[in-house]
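Chemist: If you scroll down you'll find the structure; I have some questions about it.
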Amino acid sequence: MSHELRTPLNAILGFAQVLELNKKTPLQDSQKVAVTQIIKGGNHLLALVNEVLDLAKIESGNLHILIEPVNTQAVLDECISVLTPLLNDKNITIDTKGFSASIIQADYVRFKQSLLNILSNAVKYNKQEGHVKVTSELVGNEMQRISISDTGYGIHSDKQSILFEPFSRLGRESSEIEGTGIGLSITQKLVTAMNGHIDFESIEGVGSNFWIDLPRAAENLQTVANTPNFHKDLSNKVFPKAIDAQSAKKRVIYIEDNPDNVRLVETILSDLPNVELESFHTAELGISSARDHRTDLILMDINLPGMNGIKAMAELKLYENTCEIPVIAISASVMPNQIKDGLEAGFLAYFTKPLDITKLLDSVTDVLAGDQNNIS
């Protein structure tokens with residue numbers, strides 16, 4: 001379901017970005033407004049798709065949770081980095097002086113998702129020039145509590161009992177604040193699945209305080225600084241490097257069975273100087289072409305008819321003239337284990353659909369310019 005919903009969204013958001021970024025024939029002001037609304041609506045739909053699918057996985061018992069030691073400081077830093085533009089837009093300050101790093105037992109991705117959801121609500125539903133405060137403390141001897149308080153509008157006492165119900169927006173449906181009403185429901189279920197607890201208190205007109213309790217890891221706190229963060233978010237990487245217009249022709253192969261996705265990538269790469277793109281609808285055809293002709297880069301879908309992208313990656317490694325070709329995955333398979341499998345198979349980078357065109361372009365130009373050091 002995730003794959004089937006993301007595929008048309010890739011075309012909608014992708015071609016909208018193409019229109020927005022087109023410098024040769026720039027849009028008129030009225031057209032820019034229309035395209036901006038398409039992108040805004042598409043991103044909102046994408047968020048809804050992600051959250052509905054998450055909720056379905058949880059309720060069907062198919063949620064995969066990997067409990068491991070997690071550095072709370074590393075996760076908080078990532079969340080604040082993501083929220084910085086929103087903080088700046090509303091001129092909201094965030095105070096973390098009362099937060100001390102610790103190691104908890106949790107699923108890294110799901111803990112980050114839960115913390116980010118609560119933090120983003122504290123910002124979105126805050127007042128202009130408001131404040132957010134993040135603190136931590138030990139509860140008993142086993143649980144680490146992370147609290148997020150805000151100076152926002154608060155929640156009316158009559159509505160607090162339905163706060164964690166799916167699709168409950170507590171009267172904010174007609175406001176300008178975007179939301180799906182699913183985030184807190186998912187967060188509660190995720191925290192519970194990680195053997196934790198979430199709760200809150202709120203006063204209308206004053207603000208709210210949410211907290212998450214999760215089991216503390218057995219490791220001594222002194223090891224916090226040495227706990228590595230293995231979970232890199234590729235979507236935030238930027239690869240700024242231009243291809244030399246005087247350089248030799250660069251041959252790029254795109255292996256993708258969906259015609260709309262092929263047209264989108266053809267459009268994206270059409271303005272790159274000295275880049276020739278050739279597309280194939282099966283991995284077998286793409287590999288054969290790469291073996292017969294010098295190829296500088298392969299872009300490849302994962303869910304392909306016949307041989308899938310993971311097997312195709314292994315096949316490329318078998319031949320002397322293809323084993324060193326950089327390969328980037330472009331896929332609607334977005335589950336953490338699927339991305340992990342792709343990177344372990346040897347893909348240089350893994351981009352998920354719907355695509356962020358700017359970041360894909362930066363990555364492609366970086367590879368074709370001969371610099372792969374920034375890509376991991």
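Any read-out appearing in this document is the output of simple, stated calculations on the displayed coordinates, not a laboratory observation. Being a predicted model, the structure only gives us computed values, none of them experimental. Note that each Cβ is placed from the backbone with ideal geometry, even for glycine, and that neighbours are counted across all protein chains shown.
Chemist: Identify, among Ala217, Ser288, Leu13, the residue whose Cα sits farthest towards the positive end of the charge dipole of the chain, taking +1 on the Cβ of Lys and Arg and -1 on the Cβ of Asp and Glu, with the dipole about the Cα centre.
Modeler: Result: Leu13.
Chemist: Let me ask another. Once every DSSP H run of n ≥ 4 in the chain is given -39500 (n - 2.57) and the sum is divided by its residues, what mean residue ellipticity at 222 nm do you get, rounded to the nearest 500 deg cm²/dmol?
Modeler: It comes out at -13000 deg cm²/dmol, rounded to the nearest 500.
Chemist: Let me ask something else about it. For Lys133, go through the aspartates and glutamates and keep the ones whose alpha-carbon is under 12 Å away, minus same-chain ones fewer than eight residues off.
Modeler: Reachable aspartates and glutamates: Asp95, Asp150.
Chemist: Now a separate question. Can you list the HN-Hα couplings for segment 193-198, worked out from phi with the Karplus curve (6.51, -1.76, 1.60; θ = phi - 60°), rounded to whole Hz and with x for Gly and Pro?
Modeler: 5, 8, 6, x, 8, 10
Chemist: Around Leu264, with a cut-off of 10 angstrom between Cβ atoms, what is the net charge of the other residues, counting Lys and Arg +1 and Asp and Glu -1?
Modeler: -1
Chemist: So, one more: Based on the mean of other Cβ atoms within 10 Å per residue, sort peptides 310-316, 183-189 so the most packed one is first.
Modeler: Per-residue mean Cβ counts within 10 Å order the peptides as 183-189, 310-316.
Chemist: I need the phi-derived Karplus couplings for segment 340-347: 6.51 cos²θ - 1.76 cosθ + 1.60, θ = phi - 60°, integer Hz, Gly and Pro marked x.
Modeler: Running phi through 6.51 cos²θ - 1.76 cosθ + 1.60 with θ = phi - 60° gives 4, 4, x, 5, 5, 6, x, 5 Hz.
Chemist: Limiting things to C-alpha atoms, what are the Rg and the maximum Cα-Cα separation (Dmax) for the chain, in angstroms?
Modeler: According to the Cα coordinates of the chain, Rg and Dmax are 22.8, 70 Å.
Chemist: Once the piece of chain linking Thr84 and Ala47 is laid out straight, how much longer is it, given 0.36 nm per residue of separation minus the C-alpha distance between them?
Modeler: Extra length available between Thr84 and Ala47 comes to 11.4 nm.
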